[in-house]
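Notes follow once the structure below has been shown.
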Amino acid sequence: MTANRPAEPRQVRFGRFHFNTGTHQAALARIIEWADTPNRSGLMVGFINPHVYNCAVAEPEVARFLGECDYVCIDGVGVTVAARLIHRVALPRVVATDLFDALVGLERPLNALLVGTTAAEVLEAADKINAGASGIRVVEAVDGFRDSADYQDLLGRHPRIDAVLVGAGSPKSEGILLQARELCPAALLFHIGAGTIKLYADTKRRAPGLVSRLGLEWVHRIVFEPHTRSRYLGGAWSFAADLVRSRSVP
C-alpha cells in the first residue's frame with residue numbers, strides 16, 4: 001500500500017454478523033477517492049450501534065445491508081465495548097454524524113437526495129446544508145414516512161444522482177438504500193441517521209465535544225431525548241443477550 005492510498009476496510013465478525021469497517025480517516029479517504037474516480041461505481045456506507053444490531057437480528061434486510069456495505073461505521077460505544085469483551089478485538093469508533101460533517105465540508109460538490117425524519121425537518125436540514133456546505137448540494141428532500149413505492153419513484157427520477165443520504169430509522173433506512181443500490185448504481189449511499197438530519201434542522205441538541213469523545217452520547221440522549229430511553233435501557237438487554245448466544249455460532 002502506498003502512502004497516498006487510503007487504508008482498505010477490514011472484514012470483522014461482530015456477534016452473528018460480518019461486515020467491513022475502518023477508521024474515520026480511512027472512510028473519508030475512501031469517499032474522496034470514490035468522488036475523484038471517473039466512471040465510478042457506487043459506494044455504500046452504513047453504521048451499527050446496539051439498536052441497529054437488534055434490528056439486524058430481527059430484519060434480514062438490515063443484516064443484508066450491513067453485509068453489503070463498503071464501510072460500516074462503528075457508531076455506538078456499546079459495540080466497541082462488546083467487541084473488546086466478547087471478541088477480544090479493538091474496533092475503531094466512527095460516528096456517522098462526524099463522517100457526514102466532514103463530507104459536507106469537502107470541496108468536491110455532490111448533488112444529493114436527502115431522505116428522512118419529518119417533512120419540516122428534512123426541508124430545514126436541506127436548506128441549512130445548501131446554505132453552508134461546499135461538499136453537498138441537496139437537490140430534493142423528502143420525509144421518512146412514505147411507502148416503498150414513493151421512494152422507488154424518487155430514486156427512479158434521479159438515476160445519476162451523486163449521493164443518497166438517508167436518516168429514516170432502521171430498518172426503513174436500510175431498505176431505501178438497498179433500493180437505491182439498484183436504481184442509482186453510481187451513487188454514494190450513506191445511512192447518515194435520523195439524528196444527523198435533526199441536528200442540521202436544529203431540532204436536536206448536539207452532544208458537547210468531550211461527551212462525544214468519551215462515547216457518552218447515549219447518556220446525553222437519555223437526558224435530553226426521553227423517547228430514546230426504552231431503546232437504550234430495554235434494547236441493551238436484547239443486544240447483550242444475542243451477543244452471548246452468538247458466541248457459539250461458528
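Coordinate-derived values only; no laboratory data. As the structure is a prediction and not an experimental result, all values here were calculated from the model. Using ideal geometry, Cβ is built from the backbone for each residue, glycine included, and neighbour counts are taken over all protein chains shown.
Run the dipole for segment 39-96 about the Cα centre, Lys and Arg Cβ at +1, Asp and Glu Cβ at -1, nothing else charged, and hand back the magnitude in debye, nearest 20.
Numbers: 5 positive and 5 negative charges, 56 e Å.
Charge dipole of segment 39-96: 260 debye, to the nearest 20.
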How high is the relative contact order of segment 1-150, in percent, counting Cα pairs under 8 Å that sit 6 or more residues apart?
-> 19
Roughly how many Å is it from the Cα centre of segment 89-143 to that of segment 1-73, as a whole number?
-> 17
Which is farthest toward the positive dipole end of segment 10-246 among Ser41, Ala96, Ile192, measuring Cα position about the Cα centre, with Cβ charges +1 (Lys, Arg) and -1 (Asp, Glu)?
-> Ala96
Could you run the Karplus curve 6.51 cos²θ - 1.76 cosθ + 1.60 with θ = phi - 60° over segment 62-68 and give me ³J(HN,Hα) per residue in whole Hz, x for Gly and Pro?
-> 5, 4, 4, 4, 4, x, 8
Amide H partners (placed H, <5 Å) of Leu189, local residues excluded | Leu43, Met44, Val45, Val164
Rank-order 69-79, 55-65, 145-155 by packing density, defined as the average count of other C-beta atoms within 10 Å over each peptide's residues, highest first.
-> 69-79, 55-65, 145-155
All aspartates and glutamates inside 15 Å of Lys172 as judged from Cα atoms, apart from same-chain residues fewer than 8 positions distant = Glu59, Glu61, Asp143, Asp147, Asp150
